[in-house]
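Have a look at the structure below before the remarks.
The values are calculated or read from the model by the stated rules, or taken from the named source; none is laboratory data. For clarity, every value in this text was computed on a predicted model and none was experimentally measured. Neighbour counts run over all protein chains shown; Cβ positions are idealised from the backbone, glycine included.
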Amino acid sequence: MQDETGNSGWNQLPGTVRFALGIVALLAIFTFLALSIDIQIVRALGRWPDEERAWFEALTRWGQSDWILYPTLALTVGALLLGFAPLGYSWRWTVRAIGAVSWMIFVAVGLPGLIVQIAKRLIGRARPFLYDQQGSLSFHFLPPDWTLHSFPSGHSATAFALAYVATRLTAPLWGVLFYAWAALVALSRITTGAHYPTDVIAGTLLGWFGAKLIVDRFERHGFPVAARNGTGTNPAGALIWRGLKRLVRSVRPQFRRP
């Protein structure tokens, strides 16, 4: 219903009330899904042929964040150190762009991942392989055992955070590949029996929205994330690409035969 000014009753509610109602709605949806489909989907995917499940077990490794965070942190520190070197104008800005992009990826992937790891330990949901003993709604506050760190999925959060950042830094068409990869990583967490579907959904949302908030903040502070003139070409990525091509051209003569 709307009042005389055209505002709906929902918009007239205080912000805290709307937030509380939203939390209640999310909890209701989570409980319904946890009781209705969670274990059924886990068991159905667990019956897939061993060859297919082995492929997902190999793929799930890419949902870990170490292979993203360590290189981006190293590139960030390296760019800061190179900033003190006597570089030319083009090289200096290329190094700065590499450092800025690396730092943004590090924060956009690492911060949502940190939040997920904290949530895992606060919520303490039992993993699917403990269903027969504890069910799908078993929670333990601050559990020390990894078997009680099911909700939310950290691999899913990492995969979708990286997919979002990578899409923003490249052309939108590449986003189809990035998100397809992220979806397969998330699916692998269910296929391998490590998570319930609701764990994966929560991790996906936290990773995607967390990365979006961080990238948008970088953009508001002047980082050139958005494409120019709707061309789909990211200016920061284009600058790095030009710098790398310049580097290849400069070292290529060193490998030519005399």
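Residue check: Tyr131 meets all listed conditions (1) under 15 Å from Pro197 (Cβ atoms); (2) at pLDDT 95 or above; (3) in a helix (DSSP H, G or I) but one, namely (2). Being modelled with pLDDT under 95, exposed (fewer than 12 other Cβ atoms within 10 Å of the Cβ) and of a type in the set (A, V, I, L, M) is a property that does not hold for Ala100. Selection over the range 134-167 of residues that are of a type in the set (Val, Ile, Thr) and not in a helix (DSSP H, G or I) gives a count of 0.
Looking across the range 211-225 at every residue that is exposed (fewer than 11 other Cβ atoms within 10 Å of the Cβ) and not in a helix (DSSP H, G or I), the one that is modelled with the lowest pLDDT is identified as Gly222. Cβ separations smaller than 6 Å between residues 6+ apart or across chains give no pair from the range 117-131 residues that are under 17 Å from Ala157 (Cα atoms) to residues that are assigned to a helix (DSSP H, G or I) and small (Gly, Ala, Ser).
For the range 25-83, a residue qualifies if it is surrounded by fewer than 15 Cβ atoms within 10 Å (Cβ to Cβ), among the hydrophobic types (A, V, I, L, M, F, W, C) and closer than 20 Å to Phe139 by Cα, and the qualifying residues are Ala25, Leu26, Leu27, Ala28, Ile29, Phe32, Leu35.
Among the residues making up the range 84-97, those that are surrounded by fewer than 13 Cβ atoms within 10 Å (Cβ to Cβ) and part of a helix (DSSP H, G or I) are Tyr89, Ser90.
Taking the condition of a type outside the set (Lys, Arg) and under 12 Å from the mean Cα position of the chain (by Cα), does Ala126 pass? Spelling it out, it is not the case that Ala126 is of a type outside the set (Lys, Arg) and under 12 Å from the mean Cα position of the chain (by Cα).
Please specify each residue of the range 134-172 satisfying the condition of being touching a Phe, Trp or Tyr at 6+ places or on another chain (Cβ under 9 Å), polar (S, T, N, Q), surrounded by fewer than 21 Cβ atoms within 10 Å (Cβ to Cβ) and closer than 25 Å to Phe32 by Cβ. Answer for the range 134-172, where residues must be touching a Phe, Trp or Tyr at 6+ places or on another chain (Cβ under 9 Å), polar (S, T, N, Q), surrounded by fewer than 21 Cβ atoms within 10 Å (Cβ to Cβ) and closer than 25 Å to Phe32 by Cβ: Ser138, Thr147. Residue under question is Leu177, and the condition is that it be assigned to a helix (DSSP H, G or I) and over 12 Å from Gly203 (Cα atoms); does it hold? So Leu177 fits the description; yes. The single condition among (1) farther than 19 Å from Val42 by Cα; (2) surrounded by 19 or more Cβ atoms within 10 Å (Cβ to Cβ) that Ile118 does not meet is (2).
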